[in-house]
Amino acid sequence: MGRIRVLSDEVANKIAAGEVVERPASVVKELLENALDAGATRLQVEISGGGRRLIRLSDDGCGMSRDDAMLAFERHATSKLASARDLLSISTLGFRGEALPSIASVSRLVLETRAAEELTGTRVEIAGGKMLRSQEAALAPGTQITVRDLFYNVPARKKFLRSEQTELAHIASLVTHYSLASPEKTFQLTSDGRELLNVTPAEKLRERVYQVFGSQTLEELVDLGVRERTFERAPEAGGPALVKVFRLRGFVSRPQVQKLNRNSVFLFINRRLIRDRLLLHAISSAYHNLIPPGTYPFALLFLECEPEEVDVNVHPAKTEVRFRAQSFVHDFVRDAVREALIETKPVSAAPLPAAPAHFHPQPAAELPYSEFSQRLEDGRWQARPSELPPSAPAAPEALPEFTLRGTRPAEPRFDFGAGPEAARPVAEPFEDVPLRVPIPETHGAFPPELVPELLPSLAALTDLRPLGQIHESFIVAAGRDGLWIIDQHVAHERILFEKILKQRAAGRIETQRLLMPLIIQLTPAQQIDYDRIADELQAIGFETEPFGNRTIAVKAAPAGVGAGDIERLIYEILEIAERELRRVSLDDVRRAMAASIACRAAIKVNMRLDEGKIAWLLQALAATDCPMSCPHGRPVALRYSLRDILRGFHRI
């Protein structure tokens with residue numbers, strides 16, 4: 001008897017479920033995609049127990065007939081593909097026909113659906129992949145799928161699920177993603193009776209961002225608009241060249257908004273939610289030298305192209321894709337984001353006491369992802385007396401309240417006013433009424449026509465009027481839109497950084513020769529790194545040559561670098577080479593070297609600057625491409641807007 005056997009449908013479905021149904025959020029993803037493909041405009045998701053006990057999705061899509069409802073639970077049964085050629089241009093979110101049978105094989109599932117042209121609907125009940133019953137039912141048009149007891153028959157899978165809060169956070173993030181991808185639709189998400197997301201149709205993406213994340217987040221974003229780039233594909237079989245158009249739209253955050261993880265990066269290709277390493281790297285490259293290493297921006301990007309330009313059939317969960325022109329797509333996304341930041345030059349707002357937001361973010365947009373972050377968040381959005389530890393200290397005893405009242409004025413002993421014939425007024429009972437002093441006209445509201453409606457941008461640097469320095473380290477300047485504070489060291493650092501890169505590209509680095517060569521001792525590892533980057537050191541302004549065993553002589557250095565900083569700078573550059581050459585491009589190493597030189601040569605803190613030097617510094621900073629941050633990602637300027645100043649003085 002042979003050893004190879006054909007697996008039963010039950011086993012095959014459970015294997016497929018292991019690929020498709022990783023956690024409760026995977027179930028929600030497949031059901032949401034089916035509902036969106038069905039043309040639904042209203043999607044309601046109900047969760048209980050983090051998705052373990054209950055997942056219910058209701059939509060008003062096209063629904064299914066009785067025959068289609070039965071056929072939908074067969075493996076690889078789908079309405080979205082007809083031939084293998086269709087795989088080359090997939091325009092729907094789902095296409096494999098694996099989701100429903102995979103979900104039904106590891107849960108108790110109930111499907112209730114009705115097509116608009118049918119008089120009655122169909123109710124199908126399945127448990128563990130086995131059909132229990134199918135019957136007609138009086139239903140409204142659309143579909144409702146209820147999934148209970150996920151992984152009840154696969155205990156090994158169930159024990160690997162995380163806490164209810166973690167699973168709920170993944171579900172909330174997923175529904176939030178798809179609500180952003182379809183702003184024209186209604187999305188509702190509830191968990192154990194608590195509403196986490198409720199957004200109504202929005203005309204523009206900006207309005208949906210406002211609905212989901214609130215006004216404060218929206219103010220921190222830069223709108224990309226719609227950016228296009230064409231790509232010419234080589235002709236096939238002697239035909240004409242094919243011109244492909246790629247479009248990118250969405251929002252990215254200012255460099256001053258820095259996240260500790262990539263959870264705030266939302267990527268869509270043809271409205272499909274993806275987690276693509278290529279695009280993530282493109283975004284990181286766009287913010288290179290604008291934010292500190294190890295931090296990430298907020299990004300909401302929608303890339304649109306012809307379906308045949310992207311292969312979505314490369315991952316079981318369809319979260320990863322492969323582009324036919326990967327290098328072109330990477331450079332397009334990187335350049336589009338970088339150009340938007342350079343054009344707008346967003347400025348960092350000075351930290352102020354939190355003002356009441358016009359619209360708060362939806363709870364689903366800020367659920368924590370771990371038990372630790374859950375404990376930190378409990379006091380803010382899920383504090384329940386029953387959840388407090390028994391050792392919690394009791395509330396302090398209420399202190400007695402004291403009310404200060406004014407003293408009653410003394411009655412006059414003698415009346416030196418009117419004569420005896422004048423009627424004396426009857427003394428009214430004393431009332432504790434505060435004295436109301438009328439506000440003079442000079443304390444009135446600021447004239448609204450004098451408050452400029454300007455977008456906060458570092459392009460205003462050219463119009464600033466320097467006022468002086470704070471501790472000889474920070475420049476204070478006044479502008480039409482408010483008060484500015486500029487860090488003189490990082491401002492000069494940005495100026496020198498871009499200057500060095502431009503001179504390096506043109507081959508005209510300014511250098512200074514040393515009176516006596518500087519002899520530097522190297523370790524064996526540093527000697528190896530020096531041999532690898534000796535040409536780069538020469539190109540960036542250092543004139544060096546070997547001087548004995550593991551020793552080099554430095555005869556010239558980039559202009560502006562102090563004599564006492566040259567040795568330290570050489571060691572820093574060798575450390576960069578040792579750390580970075582193995583994992584980044586040579587261009588990134590060049591930028592890191594330029595950043596080190598700029599930092600050493602820049603104006604330091606606690607350095608007095610005269611008015612001419614301050615004016616030059618502001619003009620030179622305004623002429624840079626990216627005056628928002630220093631090469632290490634720190635903000636260059638803070639802006640107190642005129643509106644914030646007026647609000648602080650109660651003038652508006």
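The table below gives the values:
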| quantity | calculated |
| --- | --- |
| Number of the exception - residue 319 against (1) more than 20 Å from residue 222 (Cα to Cα); (2) open to solvent by 40 Å² or more (accessible area, probe 1.4 Å); (3) part of a loop (DSSP other than H, G, I, E, B) | (2) |
| Failed condition for residue 128, given (1) crowded, with 20+ Cβ neighbours inside 10 Å; (2) closer than 17 Å to residue 149 by Cβ; (3) in contact with a Lys or Arg (Cβ under 9 Å, 6 or more places away or on another chain) | (1) |
| Pair list, Cβ < 8 Å and 6+ apart or interchain, from segment 500-517 residues that are more than 18 Å from residue 563 (Cα to Cα) to residues that are open to solvent by 60 Å² or more (accessible area, probe 1.4 Å) and not in a strand (DSSP E or B) | 501/590; 503/510; 504/590 |
| Any pair with Cβ under 6 angstrom, 6 or more apart, that starts in segment 255-284 at a residue that is more than 20 Å from residue 308 (Cβ to Cβ) and ends at one that is of a type in the set (A, V, I, L, M) and in a loop (DSSP other than H, G, I, E, B) | 255/290; 255/291; 255/628; 258/291 |
| Contacts under 7 angstrom Cβ, first residue in segment 144-167 being closer than 17 Å to residue 103 by Cα, partner among the charged types (D, E, K, R) and open to solvent by less than 20 Å² (accessible area, probe 1.4 Å), 6 or more apart | 161/167 |
| Unique residue being at pLDDT 90 or above and either among the small types (Gly, Ala, Ser) or over 21 Å from residue 34 (Cα atoms) (or both) when the list is 341, 352 | 341 |
| Condition check for residue 121: of a type in the set (Gly, Ala, Ser), touching a residue at least 24 places away in the same chain (Cβ under 8 Å), more than 14 Å from residue 73 (Cα to Cα) and touching a Leu at 6+ places or on another chain (Cβ under 9 Å) | yes |
| Qualifying positions in segment 21-60 - open to solvent by less than 20 Å² (accessible area, probe 1.4 Å), out of contact with any Ser or Thr (no Cβ under 6 Å at 6 or more places or on another chain) and not in a helix (DSSP H, G or I) | 40, 43, 45, 55, 57 |
| Residue list for segment 205-220, filter: out of contact with any Pro (no Cβ under 7 Å at 6 or more places or on another chain) and not in a helix (DSSP H, G or I) | 220 |
| Inter-residue pairs, beta-carbon under 9 Å, first in contact (Cβ under 8 Å) with a residue 60 or more places away in the chain and in segment 195-209, second of a type in the set (Val, Ile, Thr) and open to solvent by 20 Å² or more (accessible area, probe 1.4 Å), 6+ apart | 196/190; 197/190; 198/190; 201/41; 209/217 |
| Helices (runs of 4 or more DSSP H) contained in segment 549-652 and holding at least 1 residues open to solvent by 70 Å² or more (accessible area, probe 1.4 Å), within 23 Å of residue 507 (Cα to Cα) and without any contact (Cβ under 8 Å) to a residue 40 or more places away in the chain | 586-601 |
| Which numbered condition residue 495 misses (of (1) touching a residue at least 60 places away in the same chain (Cβ under 8 Å); (2) more than 40 Å from the chain's Cα centre (by Cα)) | (2) |
| Residues of segment 48-75 satisfying the condition of being out of contact with any helix residue (DSSP H, G or I) (no Cβ under 8 Å at 6 or more places or on another chain) and among the aliphatic types (A, V, I, L, M) | 54, 64, 69, 70, 71 |
| Subset tally (residues that are open to solvent by 50 Å² or more (accessible area, probe 1.4 Å) and either in a loop (DSSP other than H, G, I, E, B) or at positive phi (or both)) for segment 232-275 | 13 |
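The values are calculated or read from the model by the stated rules, or taken from the named source; none is laboratory data. Computed from a prediction, not measured in an experiment: that's the story for all the values here. As a convention, Cβ positions derive from the backbone with ideal geometry for all residues, glycine included, and neighbour counts pool all protein chains shown. Quick note on the areas: whole protein, heavy atoms, side chains included, nothing else; ligands and nucleic acids left out. Shrake-Rupley method; radii C 1.70, N 1.55, O 1.52, S 1.80 Å.
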